[in-house]
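Step one of this worksheet: look at the structure below.
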Amino acid sequence: MHLYVEPGSPIEGRLDYSEDEYSFGFKVTSTSLIAEREGSGGRASVSIGTLQVEVGASTGKALFVWGLHPHTTWIEGKLGSPSFSPGVATFDARFDTSVSRLIAAVGEWSTIFDRSTGWLRVAPGRDPEEALTEIATGILLGVRLGELSSVWLKLNGV
């Protein structure tokens, strides 16, 4: 599934992680921007295991990340602070409203968490040759050779 990026403003909001529920949630504060990117077709998602990249079903535009992602499976490591640009990421796939498209099974991508910086990276490997785009506050998508290569999440207080 091809992913392309263009300049733009990230969707404003707050990324939260609930340790009790083992899950991420995103509270949107820029409702007009999310409505524009979502379009009129509702929402769908791209799944990395049980972690979801929410997309506009009619636009293919990535909105934010949410979903079950147990901290008990994370590996602590050093990631540093990534370099990224703000932008809009669009999948060139057809989406059906409320349907998720699986790109990686549970456990297929690993999760590294850098407690010193608060950054978490979900990816199939450690490839530094990716371009990172901030699609929403604290949410980065990595793109390599036109494909989704990673998801970076900035955690607050974990």
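Bear in mind these aren't lab numbers, they're just calculated from the coordinates by the rules spelled out. This one's a predicted model, so the numbers in the text were calculated from it and none came from an experiment. Cβ atoms come from the backbone with ideal geometry, glycine included; neighbour counts cover every protein chain shown.
When the GluC sites (Glu not before Pro) in segment 87-158 are filtered for DSSP coil states and for at most 12 other beta-carbon atoms within 10 Å of their beta-carbon, the remaining sites are GLU108, GLU129. Charge dipole of segment 1-65 (Cα centre as origin; +1 on each Lys and Arg Cβ, -1 on each Asp and Glu Cβ, all else neutral): 240 debye, rounded to the nearest 20.
Listed from fewest to most Cβ neighbours within 10 Å, the set ASP20, ASP114 follows the order ASP20, ASP114. Of the trypsin sites (Lys or Arg not before Pro) found in segment 59-131, those that fall in a DSSP loop while having at most 12 other beta-carbon atoms within 10 Å are LYS78, ARG94, ARG126. With the simple model of a label 7 Å out from the Cα in the direction of the Cβ, GLU108 to ASP16 spans 3.1 nm. The charge dipole of the chain, taken about the Cα centre with unit charges on the Cβ atoms of Lys, Arg (+1) and Asp, Glu (-1), comes to about 60 debye, rounded to the nearest 20. Here is how the number arises for the chain: DSSP H runs of 4 or more residues each give -39500 (n - 2.57), the sum is divided by the residue count, and the result at 222 nm is -1500 deg cm²/dmol.
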